[in-house]
Each structure stands twice: as C-alpha cells, then as structure tokens.
Amino acid sequence: QVQLVESGGGLVQPGGSLRLSCAASGSILSINAMGWYRQAPGKQRELVATITSGLRTNYADSVKGRFTISRDNAKNTVYLQMNSLKPEDTDVYYCRLRGGSRGEYDYWGQGTQVTVSS
C-alpha cells in the first residue's frame, strides 16, 4: 500500500505564495507520474499539474506561469510551488500518484486546503 502525505496548505493573501508537498511512502515499485488536482465545492475535480518520471510537465491553463510542479525522486516527493495566488485558486488540493507497468496503481492523498483571501 502507498500512502501520500500532503503538507503546505493554508491561508494566504492574494498575490502570495504557498508550496505544497506530497511525500509518497510504502510499496512503491515504479512511479509513472505524480500530480496535483483541485476541487472546489460544487465543482468537479480538475487537473492542476502533473509530472512524469521523465520530468515532463503538464499544467492547467489557469495556472500556467504561476504554478510550478517539481519532484525529488530520492525523497519520493512532489512539490507544487504556487505564486501570484488568486482567490479563485481556493480549493482542496489533492496529490495523485500513478504507477505500475500497466498503470495499475492510482493513489490519492486526502487533500489539503488552500485558501486565498484578504
């Protein structure tokens, strides 16, 4: 079993920054990609950013130029640096790990609250 431990969420003023971390532990044989998703009340969960084992990245249009995803393979940790935060970034952010030779592994963190408000 794989556990994803998220940290770094909290309250920040518009224009501020936060850095989310997600550390994976457990029986990790291979990781194809890790990423961040977010979900606001009454809305569908949406992709924020992903990063593959080959360091390919993908971002939602709404966060391009403001958010940066990165990973530390030695620590099995993925980060999301969030700059120039806007009130509309307020969401619960979820870490996701996808892996396995057949893509059979799909794990989610429990979510961390990000609130952008003055």
For D106, net neighbour charge (Lys/Arg +1, Asp/Glu -1) across residues whose Cβ lies under 10 Å away: +1
Point-charge dipole on Cβ atoms (K/R +1, D/E -1) for the chain, about Cα centre, debye to 20: 180 debye
Multiply the residue separation of Q81 and D106 by 0.36 nm, subtract the distance between their alpha-carbon atoms, and state the gained length in nm to one decimal. 6.7 nm
Efficiency of FRET between R56 and S118 - r from beta-carbon atoms, R0 35 angstrom, step 0.05: 0.45
Rank G42, G65, G103 by mean-square fluctuation in a GNM of the chain with C-alpha springs under 10 angstrom and give only the top-ranked residue. G42
Hits among aspartates and glutamates - C-alpha to C-alpha of K64 under 13 Å, sequence gap 8 or more where chains match: D89
Determine, for each peptide in 68-77, 89-98, 18-27, the mean count of other beta carbons within 10 angstrom over its residues, then list the peptides with the highest first. 89-98, 18-27, 68-77
Summing +1 per Lys or Arg and -1 per Asp or Glu among the other residues with Cβ less than 9 Å from E46's Cβ gives +2
For the chain, which whole percent of the accessible surface, found with a 1.4 angstrom probe, sits on carbon and sulfur atoms? 45 percent
To check you understand DSSP bridge types, tell me what percent of the beta bridges within the chain (both residues inside) are antiparallel, rounded to 5. 95 percent
For L85, distant residues with modelled amide H under 5 Å away: G15, G16
With the other protein chains left in place, how much accessible area per residue, in square angstrom, belongs to the chain at a 1.4 angstrom probe? 55 Å²
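The values are calculated or read from the model by the stated rules, or taken from the named source; none is laboratory data. This one's a predicted model, so the numbers in the text were calculated from it and none came from an experiment. Note: ideal-geometry Cβ built from the backbone for every residue, glycine included; neighbour counts use all protein chains shown. Note: accessible area is taken over every heavy atom of the protein model, side chains too, but ligands, DNA and RNA are not part of it. Shrake-Rupley method; radii C 1.70, N 1.55, O 1.52, S 1.80 Å.
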